[in-house]
1. Explain nothing, just the number: relative contact order of region 1-89, from Cα pairs under 8 Å at least 6 residues apart, as a whole percent.
2. List every residue whose amide H lies under 5 Å from the amide H of L131, counting only residues 5 or more places away in sequence or on a different chain, with H placed 1.01 Å from N in the peptide plane.
3. Computing the accessible area with a 1.4 Å probe over protein heavy atoms, can you report the carbon and sulfur percentage for the chain?
4. Go ahead and estimate [θ] at 222 nm for the chain from helices alone: -39,500 (n - 2.57) per DSSP H run with n ≥ 4, summed, over the residue count, rounded to 500.
5. At 1.4 Å probe radius, can you tell me the per residue accessible area of region 12-131 in Å²?
6. What percentages make up the Cα-Cα pair-distance distribution of the chain when the bins are 10 Å wide from 0?
7. Between region 13-29 and region 58-131, what is the C-alpha centre distance in whole Å?
8. So which aspartates and glutamates can K87 reach, going by Cα to Cα under 15 Å and dropping same-chain residues fewer than 8 places off?
Amino acid sequence: MNDTEPVNLAKALASFDDVYSPRIVARMNDYDVRVAHTRGEHVWHVHEDTDEFFLVLDGRFDVALRDSDGTEHTVRLHKGDTFVVPKGTEHKPSSPGASILMFEPTGTPTTGDRHEGELPAHVDSTTGHEL
């Protein structure tokens, strides 16, 4: 990653097709700025020690949340919407198709500290890939 040149998000997103396989477009302090394509279901997972920030760049992105009593509700996000999943909150992204930007501490796995069930083939358990 060249820290002296700007990164165009449209070009970054056009450089790969994989879904739920984020690319790191910038680093700031101890955080990665990642972009990803989303389509289909992710897995229920939790980040015990960090919040997770989402910005929808295009399309629709849904985040199902599970309260400690097991109650579930879904937050529906559209282009330009932001949402923060609080640390320790079980959540499951899904999407009919979207592009998103995320802020996460460097080294944060996309499938959290723990997740439910087997990972589908289209979900990449990663801490982000270089562009």
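The values are calculated or read from the model by the stated rules, or taken from the named source; none is laboratory data. On a predicted model such as this, the values are computed, not experimentally measured, just so you know. Areas reflect the complete protein model, heavy atoms only, side chains present, ligands, DNA and RNA absent. Shrake-Rupley method; radii C 1.70, N 1.55, O 1.52, S 1.80 Å.
1. On the way: 122 pairs, mean separation 21.1, N = 89.
RCO, region 1-89: 24 percent.
2. I24
3. Roughly 48 percent, rounded to a whole number.
4. That calculation yields -1000 deg cm²/dmol at 222 nm.
5. The answer is 49 Å² per residue.
6. 13, 47, 33, 6, 1
7. Comparing the Cα centres of region 13-29 and region 58-131, I get a distance of 14 Å.
8. List returned: E48, D49, D51, E52, D67, E104, D113.
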